[in-house]
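Here is the structure we will look at, set down as structure tokens.
The values are calculated or read from the model by the stated rules, or taken from the named source; none is laboratory data. Note that this is a predicted model, so its numbers are computed, not measured. Backbone-built Cβ (ideal geometry, glycine too); neighbour counts: all protein chains shown.
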Amino acid sequence: MVLPLEGLTVVAIEQAVAAPFATSRLADAGARVIRIERPEGDFARGYDRAAKGQSSYFVWLNRGKEVVIADLTKEADRQVLRDLLRTADVLVQNLKPGALGRLGFTAEELARLNPRLISCAISGYGDSGPMASRKAYDLLIQAESGLASLTGGPEAPARVGISVVDIATGATAHAAILEALIRRGLTGQGSAITISMFDVMADWLTVPLLNAEAGQVPRRNGLRHPSIAPYGVFECRCGGQILLSVQNDREWRNLARELLGDAALGQDARFATNLARVENRAGTDRQVALALAALSAEEAAEVLARADVAFAGVNDMAALSRHPHLRRITVETPAGPVSYPAPAPRVTGEERRYGPVPALPVR
């Protein structure tokens, strides 16, 4: 089986999560990924010890890569990097803005070394503007962008429970690199891509921003949707919780008939449209809560499925670990094999193999 990026070489001067997320996907697709680590190693190697004594972050995002140790403050090691870049296809880096240029690897020098090179620089705030030189990490951008103001319950902002800014930025970088590879296939020319974590989150926050600018300031709703009702968590007779989502008025009529036992509520002016249900959210939710409180979680699931209304369990990580839809891969690591969730894309007729996680070489 020939993988889509087989034969391409990626040089990654990367640390933490955002850039490693992008390059892990390139490695999965067959690219040779050479990550440059400082002699003491990527600090993400020490984030935790959850994966057989190794960092869960590092094991997740660095499968299938090679490691070259280099201290880029030394000319001999900078020459090693130059030699790699002369024949590389892609350079990904998330150093502080300007750091690589100060080491002699400006955009102009990279283009001179290799006109076909696609470079992708990831930063917190881009390479211009009043905050361009500021260090940035996931939670800092969650706060600075306003994402945290939308997350949590009414009492206080909260962090999204995963490194969502880093992951979103890595996914954006991955897509941009693939676009640049397609363009290079048409023109023969490389590209210089810059991606800021703040820009990625601002893009993702378009809907709440436009609502706020229209005078409808979003409020923290916990597990309730701000503009759709009923869309939230309800408790069943057994104490189990179900999150249900009515996406349109037809589904509401189904719910009224099958769950609420009163088809007339489907046409009632207080509930017949989503706008009415949101305006009368307390009454809407009360109707649903009373009906579900009389059912077990299993009975509720049967009724909601019959009504063709979307619903989900409110699970934790223990439930995810045993979930019937959880697909896993197993990768080799220096401490032995580690099993974790499989990458989402699946290609019919292809069974991907995933390379080992590299140890930090002894120099």
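Just name the residue that is farthest from Gly126 (Cα to Cα) out of those in segment 200-222 that are touching a Gly at 6+ places or on another chain (Cβ under 7 Å) and not small (Gly, Ala, Ser). Filtering segment 200-222 for residues that are touching a Gly at 6+ places or on another chain (Cβ under 7 Å) and not small (Gly, Ala, Ser), the one farthest from Gly126 (Cα to Cα) comes out as Arg220. Here Ser163 qualifies as in contact with an Asp or Glu (Cβ under 8 Å, 6 or more places away or on another chain), in the same structural domain as Gln93 (by TED's automatic domain parsing) and crowded, with 16+ Cβ neighbours inside 10 Å. Output yes when any residue across segment 255-274 is over 30 Å from Glu40 (Cα atoms), under 23 Å from the mean Cα position of the chain (by Cα) and in contact (Cβ under 8 Å) with a residue 12 or more places away in the chain, and no when none is. Among the residues of segment 255-274, not one is over 30 Å from Glu40 (Cα atoms), under 23 Å from the mean Cα position of the chain (by Cα) and in contact (Cβ under 8 Å) with a residue 12 or more places away in the chain, which makes the answer no. Residues of segment 347-355 include at least one that is in contact (Cβ under 8 Å) with a residue 24 or more places away in the chain, among the aromatic types (Phe, Trp, Tyr) and not assigned by TED's automatic domain parsing to the domain that holds Val59. Applying the criterion of at least 1 residues that are closer than 30 Å to Ser339 by Cα and not small (Gly, Ala, Ser) to the strands (runs of 3 or more DSSP E) found wholly in segment 214-324 leaves 241-245, 310-313. Flag set for Ala310, criterion: under 32 Å from the mean Cα position of the chain (by Cα) and in contact (Cβ under 8 Å) with a residue 60 or more places away in the chain. Could you tell me whether Asp166 is in contact (Cβ under 8 Å) with a residue 12 or more places away in the chain and over 30 Å from Ala312 (Cβ atoms)? No; evaluated as a whole, the condition is false for this residue. A single member of Ala16, Ala44 is in a loop (DSSP other than H, G, I, E, B), in contact with a helix residue (DSSP H, G or I) (Cβ under 6 Å, 6 or more places away or on another chain) and either more than 26 Å from Ala136 (Cα to Cα) or of a type in the set (A, V, I, L, M, F, W, C) (or both), and it is Ala16. The sole residue among Ile177, Ile182, Ile167 that is among the β-branched types (Val, Ile, Thr) and under 16 Å from the mean Cα position of the chain (by Cα) is Ile167. Looking for something assigned to a loop (DSSP other than H, G, I, E, B) and either in contact with a Lys or Arg (Cβ under 9 Å, 6 or more places away or on another chain) or closer than 22 Å to Leu209 by Cβ (or both) - is there at least one such residue anywhere in segment 165-186? No, because not a single residue in segment 165-186 is assigned to a loop (DSSP other than H, G, I, E, B) and either in contact with a Lys or Arg (Cβ under 9 Å, 6 or more places away or on another chain) or closer than 22 Å to Leu209 by Cβ (or both).
Filter segment 68-109 down to residues that are under 13 Å from Thr194 (Cβ atoms) and crowded, with 17+ Cβ neighbours inside 10 Å, then give me how many there are. Total meeting the criteria: 7.
Residues in segment 333-363 that are outside any loop (DSSP other than H, G, I, E, B) and more than 30 Å from Asp71 (Cβ to Cβ): 3 in all.
Every condition in (1) in a loop (DSSP other than H, G, I, E, B); (2) more than 15 Å from Ile193 (Cβ to Cβ) holds for Arg116 except the one numbered (2).
Residues checked against (1) modelled with pLDDT under 95; (2) within 19 Å of Ser145 (Cβ to Cβ):
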position: Ile195; (1), (2): no, yes
position: Phe198; (1), (2): no, yes
position: Thr206; (1), (2): no, yes
position: Asn211; (1), (2): yes, yes
position: Gly222; (1), (2): yes, no
position: Ile228; (1), (2): yes, no
position: Arg237; (1), (2): yes, no
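Every condition in (1) in a loop (DSSP other than H, G, I, E, B); (2) closer than 22 Å to Gln15 by Cβ; (3) among the aliphatic types (A, V, I, L, M) is met by Ala156 except one, and the failing one is (2). Arg116 fails exactly one of the following numbered conditions: (1) touching a helix residue (DSSP H, G or I) at 6+ places or on another chain (Cβ under 9 Å); (2) basic (Lys, Arg); (3) farther than 24 Å from Val90 by Cβ. What is the number of that condition? The failed condition is (3).
Taken over segment 1-20, the criterion of being buried (at least 24 other Cβ atoms within 10 Å of the Cβ) and either farther than 20 Å from Ala171 by Cα or touching a Gly at 6+ places or on another chain (Cβ under 6 Å) (or both) is satisfied by Ala18 alone.
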